[in-house]
Each structure stands twice: as structure tokens, then as C-alpha cells.
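Quick notes on the structure that follows.
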Amino acid sequence: MQLPKDIKILFIIIGLAIVNTGYSQDISADSVKEILAETKHDSGKVKILLQIARSYNLNSSDREKSVEFYSQALQFETNNFKRAVILDTIGLYNWQLGNFDEAIVHYNEALVLFADLKDSTWLGKVNNNIASANWGLGNSNEALKYYQEGLKIRRAINDLKGVSNIQNNIGLIYQDWGLYDDALKWHNEALGIAMDLRESDAITYSYTNVGKCYEGKKDLDTALYYYEKGHKNLVAKDKNSRSISFCLTNIGGVYSKMGELDSALVKFKLSLIHAIRINNKNRIAIAEYNLGKTYLELNKIDSANLLINASYNSSQQNNYNSLIKDNQFALAEIEEKKGNISNALKYFKSASALKDTIFNKEKIAKFTDLQIRYNQEHQLQENIQLRQNNKIQELTIQEQKFLNGVLIVLAILILIILIFISKSRISFKKLNTRLEKSEKELLATNANKDKFFSIIAHDLKGPFNGLLGITGILESEYDQLSSKEIKEMILLLKRSSLNTYELLEGLLQWAQTQTDRMEYKFESTDIYENSIKVIELLSTNANNKKIRIENKVNKNTLAFADEKSTATVLRNLISNAIKFTEQGGVVKIEAKNIAGEIVVSVSDTGIGISEKNREGLFKIDVHYSTTGTNNEVGTGLGLILCKELVEKNNGKIWLESELGKGSTFAFTLPNLNYS
């Protein structure tokens, strides 16, 4: 008997209800095809398919089925706005399932449609979604680009909840680069907005991210406090939240670092249960990895091996690059404990190569470039606002001139108005001149920075080539090399790695001064105490070369300056003096009170600097680096950083040198008694 179409639809809807109570199998594909075939209009087919998709969505474990029916609905939908919303929904469910590549494909299609529709609200959401999917794949630079675009859009439309969410996400990228203080600023600002809006989910997200910052700063008690606060806030609102597994993973991680492995196991097991409940592949893989690592620390090798391999296989299938790397390192450790040294070496090499791919120098350069571009956009917006204010001011003046010319008859009042207008025009011209000068200086500064970064990139390439060459020899000729030769090569690797690390550390310090991320606390700073600490720190270097360090600084020599940056300048100058002084030489530190300033000098009896090299020593676009008297390698960044820090402390720096007779570097700081 042929059933009427309305009755068939009713049976389908009843079937959907049963499916979502967990007491029935999936809806028959044939029954869906039959009802679609009998539905004449595409709009009716879309409506039926969306009803089925949403019904499957009520159960987290059926997200894949839900995606299947949303995709079918997309084939019949002709309205571009509705198509874009469906595409974003498919992307979201793929993201929740851990299918990040697939999510990005659908998000990008949605982004194109919303851009054509000029829908700012959705553009802000989709940019954030694309960034989150890239973050899941470990593509932090792509993520940052889309987060910044989304933040700009959401600020423009005053979407405060969206602003809070993206600020948290940007903070996560700063955490990934170890810039925890900068990350805290983003997370605390996001928390403040969430508190004002009383948005429970946003508050939980902010608490969790603040906890991650303190975990990165090794303050585990504070980290645990914020993690548990976020978890409590989340569960109070929704005991079945999709984010519970995420919160439990963080809490378990802190317990693991505290050495409380039993407590960590409990949290990681609960995290895995909740991840399976919501059918999120990424969180399942993360939970399996964490459990495996904990069992490995407890020396339960079989359990660790089972879980780590499960996480590893899932990570490979879904391109979770960062998790692949972590699992490979864990598998190397497991194989080593099992005595399979060749397998351990294979996993270790693969993980090391992947780590280099994820954190290479191009990504560092691109990250810095994105930060510069972001700051430039802010500066550009401020300049545009200034120009708009100037135009408003000019129109106001013209209107005043017109009205006063009509109403005021007395000559003296007309004269006053003309004088006022004249002065306003002069101020306007001066302001425009200042703006033009500011733009020229910005362009020149950016050009110098571009040249500086190209020099740094070249300098980074050299050490890495050396590292690759040495490791290549060790790999291909290990069995033919003597133990002495192997030890020499390892020492070369260590020296090259330390030099490369010193270069990157100097670059990051310099970058902090350029982007105003370094905090300065101007207070009473004892130059004598600072010099004592630095001398103690560098005493080993001096003793190795039999160099005598003479500290001529008087006690209680007080400057009004930032103690941390002052110590950095002293450390760089004294280190350089030791580096370029021959065996048995002398390095002398002095401080004098001259005309309300403390003049600090570091002198040496070293090799000196030629007049030609002195000219570009403090310039960012002139790269000067040479080896020390014992072939110590320099980075070329130290003196540039010293100049930036001294100027931040309202001082100046200079040098006096004679080739073959030594050098004196001096800098000034405000005297505490005159500040």
C-alpha cells in the first residue's frame, strides 16, 4: 500500500526522535531518498534535510551523521546567505570532531559568500573559526592573521563577546611563543569584558587561559587555582558541556607536573570519557597521549605503549602535527625502555625533524612581521582619525567665519575672529607637518628594520648549516669516527646551538623594546650592587682568560632608572670587554656623578675598534659582528639592544677606542638626587 507523503514525513520525524533517545538504528537512507523524490520543491527538500541534521545534532556522538545531512541540504539550497550559514555549520561540526582540514575548506567557502554579502557579524565569526582550525593544526601564523582580522571586524561592530573570545585566542599564540606576560594582558582584558557581560562560557575560557599562562611561568599552584575555578564555573552552568574534557586535561597536566601522578591519572581518564562522549577526535587523541605519558612515568610500559600508539595513529590520520611530534618523542622513550634502540632513534629523528618544521626561523620572521603589521594598522587608524578630526575642525572654523561675518558688524570683533582663524590655520598646518614627518620616520624605520631582519635571517642560516653539516657527518660516518672525534663534534654542536640561541634571545629582547612590550619600573637603582652581580655572573669567563676585573664604582651610587634593563646593559658591555681582551688583560668599571647624571663606563685593554667600524656600531641597518680574542662568536645585537635600553632610561651611550689599545664604552643615567 502506498502511504501518503505527509504520513511518511511524520514517520521520519518520529524515527528521528527515537534515534536521539538511543533506542533505534539510523534512519533508512532509502526512506529519506523516497520522501525527497516525492517533494517537488527544493526548499521543501532543504527543510526536511535540515530537520534530520538538527535532530542528529542533539546527540554529540552523531555529529558525523549530522554533517552528512547538512551537506545534502547544501546541494538544494540556492539562497547565498543560507548556504553560507550551512557551510559554517558544517565547518563547526568538523572542528568539533577534530577534522580541522575539512573544517577550513568549508569555513573558507562561507567566508567568500559572507564577504560578497558584506555581513560584518558573520565575517567576524568565520575569521575566528578559520583561525581556530589553523591553531588546531599547529599553524600559529595563519591563525594569528585571521584572529587579527576577526578582532578588527568585531571591534568595529562593537561585538564585545566576540572581542573577548578572540583576545583569548590571540593570547594563546603568545603563550605558544613563551611570551606569558604579554599573553596575560590579552587574557585579563578578555576576562574583564566577560565579567562585564556576565558571560559564563567566556569567563570560564578566560580563567582557563590565565591558568595556562601561570603554568607556563612554572607557578603551578596559581595555575591549578584558575583551572579549577574555570572548571567549577563551567560545570555549574552545564554538566554536559563539550569543554569539560578540555578543562580536565589542563588540571591533570598540572597535577602531573607537581608529581601527583595518581591525581593526574584520574583527571586524564575523566577527560578521555568526556572526549569520547562528544566524539571529538582531537581531544580523544590528546587524552590518550596524556594518559600514555603518565603511565610511562609510572613505568607501566605496556599501558603507555597502547595509549600512545592509539593517539599517534589518530594524530597521523587527522594531521595533528604538534601531537604527532609529542607522540613520536614518547614512542622513542618507550622503545628505549624496551631495549629497541634502533626504533627509538627512528622515532626521535622523526620527532626532531617535525619539531624543526613547526618552529623554524621563517615562522619566527613571519610572526614578527604579523606583529609589526598589526601595530602599523593601529598607527594608521590613529592617523586617519587625526585627519578626520582636522577636517571637522576646518569645517567648524569655516562655519564660524561665515556666521560671524554676517552677524558681527564691529570691525574690532571681525579682527579678533580673523586672528583666531589665522592661528587655527597655523596650528592645522603644523599638525599636518607633524603627521607627514611621522609618516616619513615610520617608513624609514620600517626600511631599516627590514634590512636588519634580512641580516639576522642570513646570520641564522650560517649556524644551522653548520649544525646540519655536523649531524650529517655523525649520521653517515658514526661507526668510522673515534670517540675523541665524536666528542669534538658534540662540543661543536653545543657551541653552535648556544650561539644560535644567544642570537634568537637578543632578537626577542630587541623586538620587545620595539613593540613596547617590555615593562620599565623607574626607581632607585644601585649601580654598585648591579655591577657586583654582573661581575659575579661573568667571573668564570674572565677567569678562563686570566682577566682582572676592577670595580671602581663607589657604594650607594644611585641612579633613577629601571634596574632590570640597567643590568642588561652592564652585562652586555662587560661581556664584550672580556670577549675582546687578550689573556691577562684588565677590564675596569667606573661610575661618576657629572652635572646631575651618573656616567657609567666600562674600559678594557683589548684589541680596540677601528674608526670605520665605530661609525656604524649602534646602527640597526649596519651589521657588525666579529670574533673575540679566543674566537668567541658575537651576535651583533648586544650594542643595538644597549642603545635602545639606555635611551628608554633617558640616557645616551657612546664609545672611545683606539685600535690595539682598548676601548671605553660609557652611558649616562639620571642621578636619583636630581630626579
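Each reported figure results from applying straightforward, stated rules to the coordinates on display, with no laboratory input. All of these numbers come straight from a predicted model, not from anything done at the bench. Cβ: placed from backbone, ideal geometry, glycine included. Neighbour counts: every protein chain shown.
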**Report entry** Prolate/oblate/rounded label for region 96-156 (Cα gyration tensor, a/c 1.5)
**Finding:** oblate
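When the Cα atoms of region 194-245 are enclosed in a convex hull and the volume is divided per residue, what value in Å³ results? If you can, show how the numbers build up before the last one.
Numbers: hull volume 3.6 nm³, N = 52.
That works out to 68 Å³ per residue.
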Report task. Please list, in chain and number order, the residues 5+ apart from Ile607 or on another chain whose amide H is under 5 Å from its amide H, with Hs placed from the backbone. Result -> Glu582
Query raised in the report: Whole-Hz Karplus ³J(HN,Hα) for region 300-315, in order, using 6.51 cos²θ - 1.76 cosθ + 1.60 and θ = phi - 60°, x for Gly and Pro?
Result: 9, 5, 4, 5, 4, 4, 4, 6, 5, 5, 4, 5, 4, 4, 5, 5
Report summary line: Counting only residues 5 or more apart in sequence or on a different chain, those whose built amide H sits under 5 Å from that of Asp562 are Glu523
Requested in this report: Find the Rg to Rh ratio for region 157-197, where Rh is the Kirkwood radius over alpha-carbon pairs and Rg uses the same atoms.
Outcome: 1.02
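With a ≥ b ≥ c the root eigenvalues of the C-alpha gyration tensor of region 192-342, is it rounded (a/c under 1.5), prolate (a/b larger than b/c) or oblate? Walk me through the numbers before you get to the answer.
Numbers: a/c = 2.26, a/b = 1.78, b/c = 1.27.
Taking the square roots of the gyration eigenvalues as a ≥ b ≥ c, region 192-342 is prolate.
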Query raised in the report: Kirkwood Rh over Cα pairs of region 152-266 into Stokes-Einstein at 25 °C, 0.890 mPa s: D in µm²/s?
Result: 171
Query raised in the report: Stretch Glu536-Asn108 to full length: gain in nm at 0.36 nm per residue minus the Cα-Cα span?
Result: 148.4 nm
Query raised in the report: When the distances between all Cα atoms of region 172-221 are binned every 10 Å from zero, what whole-number percent does each bin get?
Result: 30, 51, 19, 0
Requested in this report: Work out from phi, with θ = phi - 60° and the Karplus expression 6.51 cos²θ - 1.76 cosθ + 1.60, the ³J(HN,Hα) of each residue of region 167-179, listed in order in whole Hz, and give x for Gly and Pro.
Outcome: 4, 4, 5, 5, x, 4, 5, 4, 4, 4, 9, x, 8
Report task. Pull up all non-local amide H partners of Ile549: gap of 5 or more, or a different chain, and H-to-H distance under 5 Å with H placed in the peptide plane. Result -> Val587
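Please give me, ordered by residue number, the trypsin sites (Lys or Arg not before Pro) of region 59-153 that lie in loop per DSSP and have at most 11 other Cβ atoms within 10 Å.
Passing both the DSSP loop test and the Cβ count: Lys118.
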Requested in this report: Please compute the net charge surrounding Thr204, taking Lys and Arg as +1 and Asp and Glu as -1 over other residues with Cβ under 14 Å from its Cβ.
Outcome: +4
Query raised in the report: Once the Cα atoms of region 85-231 are picked out, what are the Rg and Dmax in Å?
Result: 15.3, 49
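Does region 513-599 come out rounded, prolate or oblate by the C-alpha gyration tensor, with a ≥ b ≥ c the root eigenvalues, rounded set by a/c under 1.5 and, if not, prolate when a/b is larger than b/c and oblate if not?
Details: a/c = 2.36, a/b = 1.48, b/c = 1.59.
Note, shape of region 513-599 comes out oblate.
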Requested in this report: Just grab the label-to-label distance for Gln480 and Lys346, each label 7 Å out from Cα along the Cβ direction, in nm (one decimal).
Outcome: 2.5
Query - Phi to ³J(HN,Hα) by Karplus 6.51 cos²θ - 1.76 cosθ + 1.60 over region 595-603, Hz, x for Gly, Pro - result: 6, x, 10, 8, 9, 9, 10, 10, 10
Requested in this report: Two decimals is fine: what is log10 I(q)/I(0) at q = 0.20 Å⁻¹ for region 230-304, from a Debye sum with one equal scatterer on every Cα and no solvent?
Outcome: -0.78
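Phe81 to Lys232: extension gain in nm, 0.36 nm per residue of separation minus the Cα-Cα distance?
Values: separation 151, 0.36 × 151 = 54.36 nm, distance 3.82 nm.
Taking 0.36 nm per residue and subtracting the Cα distance, the gain is 50.5 nm.
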Report task. In Å and from the alpha-carbon atoms only, list the Rg and Dmax of region 525-675. Result -> 14.6, 43
